[in-house]
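K.L.:
Take this structure, written in C-alpha cells, and hold onto it; I'll ask about it next.
The values are calculated or read from the model by the stated rules, or taken from the named source; none is laboratory data. Please read all numbers here as calculations on a predicted model, not as lab measurements. Here the Cβ is made from the backbone with ideal geometry for all residues, glycine too, and neighbour counts use every protein chain on show. We work out accessible area using only protein heavy atoms, side chains counted, and drop any ligands, DNA or RNA first. Shrake-Rupley method; radii C 1.70, N 1.55, O 1.52, S 1.80 Å.
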Amino acid sequence: MFARDAKNHEEVWLLDRLDEYGFEDPAFRSRDYVLAVDEDTNERAGFARLRVHAGDTTDGDERVCEFTNIGVLTDWRGRGVGAHLLEYLVEDARTQGLDEAYALTDEPEYLKQFGFDRVDEADLPSPLGDRLSATREYQPDAEPLRVAFDAFEVPERLRRRFADDHGEDDDADTAEDFGIDSDSATYKYDTGG
C-alpha cells in the first residue's frame, strides 16, 4: 500500500466516492486529493484532501491547513489505510511550511488517536467557522479538531495492522521464489542446459 497524489484522470472516481460518502466539496480540485493505492492490485483503497486556505493578509492572518473528506473504502477498513493517508497529508503540509492542521469531522475519536484535540468553535481561524457551519449541513455532529504536527503520531497498532495485513514484515526470499523445490532441492524448471 502506498499513498500518492491523485491524478487528473481520477477526477470522476473521486467525485463518485465523494457522492457515495455524502461529502461536499464546493471547491473540488482533484490535485488536492491523495489516494491510498494497493501496490499489488493497483486498487484504490481510500482518499483524503489537504486544503490550504489563504489567510487574509490585510489582517495578518496566516494560511490555514484543513484535512477534509477522508474516506476509506469498506473492503479496506481496519487495515491502517486511513492512518497512511493522514501521515501523507501531514508530510505534504510540512513541506508547504505548515505546522498544524484542522479537521471538521463527525468521527472525532478516530482522529484523536493521532494527536488531534477538540477546538472551541470560537477559536477557529477564518474561514473554518463558516466551513464548520457548511459541514454541519451534511454532518450535523461535526466537531472542530486541531493537530500540531509535532504531536501527530500514528499508533503502533495501526502500523502493525497494516504490515501484518500485507506481509510487509516478511521480506525474506524463499527457495520457491527462485524455482527451487525445497523438498527435493532440485530445480523445478528446465533451464535448457
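K.L.:
Right, PHE152: of a type in the set (A, V, I, L, M, F, W, C), modelled with pLDDT under 95 and within 19 Å of the chain's Cα centre (by Cα) or not?
P.N.:
On the way: of a type in the set (A, V, I, L, M, F, W, C): yes; modelled with pLDDT under 95: no; within 19 Å of the chain's Cα centre (by Cα): yes.
So PHE152 fails the test.
K.L.:
Among the residues of segment 109-124, how many are closer than 15 Å to ALA148 by Cβ and either buried (at least 18 other Cβ atoms within 10 Å of the Cβ) or touching a His at 6+ places or on another chain (Cβ under 6 Å) (or both)?
P.N.:
Total meeting the criteria: 5.
K.L.:
Okay, moving on. Condition (residue is surrounded by 10 or more Cβ atoms within 10 Å (Cβ to Cβ), at pLDDT below 90 and touching a Leu at 6+ places or on another chain (Cβ under 7 Å)) applied to segment 37-60: is it met by at least one residue?
P.N.:
No - not one qualifying residue is present in segment 37-60.
K.L.:
Follow-up. Would segment 23-35 turn up any residue that is among the polar types (S, T, N, Q), open to solvent by 20 Å² or more (accessible area, probe 1.4 Å) and either assigned to a helix (DSSP H, G or I) or more than 27 Å from GLU137 (Cβ to Cβ) (or both)?
P.N.:
Step one: list which residues in segment 23-35 are among the polar types (S, T, N, Q), which gives 30.
If we keep only those that are open to solvent by 20 Å² or more (accessible area, probe 1.4 Å) as well, we get none.
For segment 23-35, residues among the polar types (S, T, N, Q), open to solvent by 20 Å² or more (accessible area, probe 1.4 Å) and either assigned to a helix (DSSP H, G or I) or more than 27 Å from GLU137 (Cβ to Cβ) (or both): absent.
K.L.:
Show the residue pairs meeting these rules: Cβ distance below 7 Å; 6+ apart or different chains; first residue within segment 113-126 and in a helix (DSSP H, G or I); second residue buried (at least 19 other Cβ atoms within 10 Å of the Cβ) and not charged (D, E, K, R).
P.N.:
Matching pairs, first to second residue: GLU121/PRO144.
K.L.:
Given the criterion touching a residue at least 24 places away in the same chain (Cβ under 8 Å) and of a type in the set (Val, Ile, Thr), identify the matching residue among THR41, THR68, THR74.
P.N.:
Details: THR41 fails: touching a residue at least 24 places away in the same chain (Cβ under 8 Å); THR74 fails: touching a residue at least 24 places away in the same chain (Cβ under 8 Å).
Checking each option against the conditions leaves just THR68.
K.L.:
Provide a single number: the residues in segment 4-22 that are in a loop (DSSP other than H, G, I, E, B) and either among the β-branched types (Val, Ile, Thr) or open to solvent by 50 Å² or more (accessible area, probe 1.4 Å) (or both). Don't jump to the end; show me each part of the working.
P.N.:
Filtering segment 4-22 for residues in a loop (DSSP other than H, G, I, E, B) gives 6-7, 22.
After this cut, where a residue has to be either among the β-branched types (Val, Ile, Thr) or open to solvent by 50 Å² or more (accessible area, probe 1.4 Å) (or both) as well, the list is 7.
Going through segment 4-22 one residue at a time, the tally reaches 1.
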